[in-house]
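Novice: Have a look at the structure that comes next, please.
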Amino acid sequence: MDFFYPNWINDFWRIMGLLFFADKTYFECACTKRFDKERIVQFATEQGLAFYDTATRVRRLKDNASDNFLEILQPTDISALLYQMPDCHRIVTTGGKASEELQSQLSKAAGQQVAMPAIGGYTSLCCYDRNLEWWRMPSSSRAYPLALEKKAAYYKRLFQND
């Protein structure tokens, strides 16, 4: 994939369009079923957003991407990512499997069990030589049964807390 959330039926970029531009189609390319990568890269750079998965290798146990049928074969080394981003103090997960993997790594780094945040909320902790906020957002997948506007309301909390 060229960039994160390129799937036309995933609503992540529509959520960002609603929040930042009051237009859910802001990141869409006119008359095509794709998102504008250049506009997204410019936006992410201006906002200081970085994207990465909590796993670098997964196995699909069934022919879909549901968390229930994904097995993490190789977790991402979160500490190595954060080492490269010393000014990063907020991490966000958007799915159950990603949240479970991050919780495991953060708990190990903090030397104690880190609480799983409620959806739309966050947990504050100190690990990797910094204070961190771990936010847990609803999945932007259309398979997650929540209206686009309601998902956007959760994400709005994340960006209001800056």
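Novice: Being in contact with a Gly (Cβ under 7 Å, 6 or more places away or on another chain) and open to solvent by 60 Å² or more (accessible area, probe 1.4 Å) is the filter here; which residues of the range 4-24 pass it? Walk me through how you get there before you give the answer.
Specialist: Applying the first criterion (in contact with a Gly (Cβ under 7 Å, 6 or more places away or on another chain)) to the range 4-24 yields 23-24.
The answer is 24, and nothing else.
Novice: Picking from 39, 57, which residue would you name as being in a strand (DSSP E or B) and open to solvent by 60 Å² or more (accessible area, probe 1.4 Å)?
Specialist: Details: 39 fails: in a strand (DSSP E or B).
Criteria check complete, one pass: 57.
Novice: Could you list, ordered by first residue, the pairs with Cβ atoms under 8 Å in which the first is in the range 133-162 and touching a residue at least 60 places away in the same chain (Cβ under 8 Å) and the second is of a type in the set (Val, Ile, Thr) and in a helix (DSSP H, G or I), at least 6 apart or interchain?
Specialist: 140/15; 148/15; 151/15; 152/15; 155/15
Novice: Okay, next question. Among (1) closer than 25 Å to residue 156 by Cα; (2) in contact with a Phe, Trp or Tyr (Cβ under 8 Å, 6 or more places away or on another chain); (3) not charged (D, E, K, R), where does residue 79 come up short?
Specialist: Only one criterion is unmet by residue 79, namely (1).
Novice: What single numbered condition from (1) farther than 16 Å from residue 52 by Cβ; (2) modelled with pLDDT of 95 or more; (3) not in a loop (DSSP other than H, G, I, E, B) fails to hold for residue 117?
Specialist: Unmet condition: (3).
Novice: Continuing with the same structure: What residue, of 30, 44, 50, is at pLDDT 85 or above, surrounded by fewer than 12 Cβ atoms within 10 Å (Cβ to Cβ) and either outside any strand (DSSP E or B) or on the phi > 0 side of the Ramachandran plot (or both)? Explain how you work it out, then say what you get.
Specialist: Values: 44 fails: surrounded by fewer than 12 Cβ atoms within 10 Å (Cβ to Cβ); 50 fails: surrounded by fewer than 12 Cβ atoms within 10 Å (Cβ to Cβ).
Within the list 30, 44, 50, the selection yields 30.
Novice: Now for a different question. Suppose we keep only residues that are open to solvent by 30 Å² or more (accessible area, probe 1.4 Å) and touching a strand residue (DSSP E or B) at 6+ places or on another chain (Cβ under 6 Å) within the range 111-121. Which one would you say is farthest from residue 154 (Cα to Cα)? Spell out the reasoning first.
Specialist: From the range 111-121, those open to solvent by 30 Å² or more (accessible area, probe 1.4 Å) are 111-113, 115-116, 118-119; that's our starting set.
From the residues that got through so far, the ones that are touching a strand residue (DSSP E or B) at 6+ places or on another chain (Cβ under 6 Å) too are 115, 119.
Working: 115: 19, 119: 8 Å.
If we take residues in the range 111-121 being open to solvent by 30 Å² or more (accessible area, probe 1.4 Å) and touching a strand residue (DSSP E or B) at 6+ places or on another chain (Cβ under 6 Å), then 115 is farthest from residue 154 (Cα to Cα).
Novice: Of everything in the range 122-150, what is open to solvent by less than 30 Å² (accessible area, probe 1.4 Å), assigned to a strand (DSSP E or B) and among the hydroxyl-bearing types (Ser, Thr, Tyr)? Give them in sequence order.
Specialist: Listed by number, the list holds a single entry, 123.
Novice: Which numbered condition trips up residue 105, out of (1) outside any helix (DSSP H, G or I); (2) in contact with a strand residue (DSSP E or B) (Cβ under 9 Å, 6 or more places away or on another chain); (3) at pLDDT 90 or above?
Specialist: Just one mismatch for residue 105, condition (1).
Novice: Just name the residue that is least open to solvent (accessible area, probe 1.4 Å) out of those in the range 82-102 that are modelled with pLDDT of 90 or more and more than 19 Å from residue 158 (Cβ to Cβ).
Specialist: 101
Novice: Right, next: Is one or more of the residues making up the range 15-26 outside any helix (DSSP H, G or I), farther than 16 Å from residue 155 by Cα and free of Cβ contacts under 8 Å to residues at least 60 places away in the same chain? So that I can check it myself, show each step before the final result.
Specialist: Here is the first cut: in the range 15-26, the ones outside any helix (DSSP H, G or I) are 22-26.
In the following step, the residues that additionally are farther than 16 Å from residue 155 by Cα were identified as 25-26.
So of that shortlist, the ones also free of Cβ contacts under 8 Å to residues at least 60 places away in the same chain come out as 25-26.
Yes: the range 15-26 contains one or more residues that are outside any helix (DSSP H, G or I), farther than 16 Å from residue 155 by Cα and free of Cβ contacts under 8 Å to residues at least 60 places away in the same chain.
The values are calculated or read from the model by the stated rules, or taken from the named source; none is laboratory data. This is a predicted model, so every value here is computed, not measured. When we count neighbours, we look across all protein chains shown, and the Cβ atoms used for this are built from the backbone with ideal geometry, even at glycine. Protein only, heavy atoms only, side chains kept; ligands, DNA and RNA dropped before computing areas. Shrake-Rupley method; radii C 1.70, N 1.55, O 1.52, S 1.80 Å.
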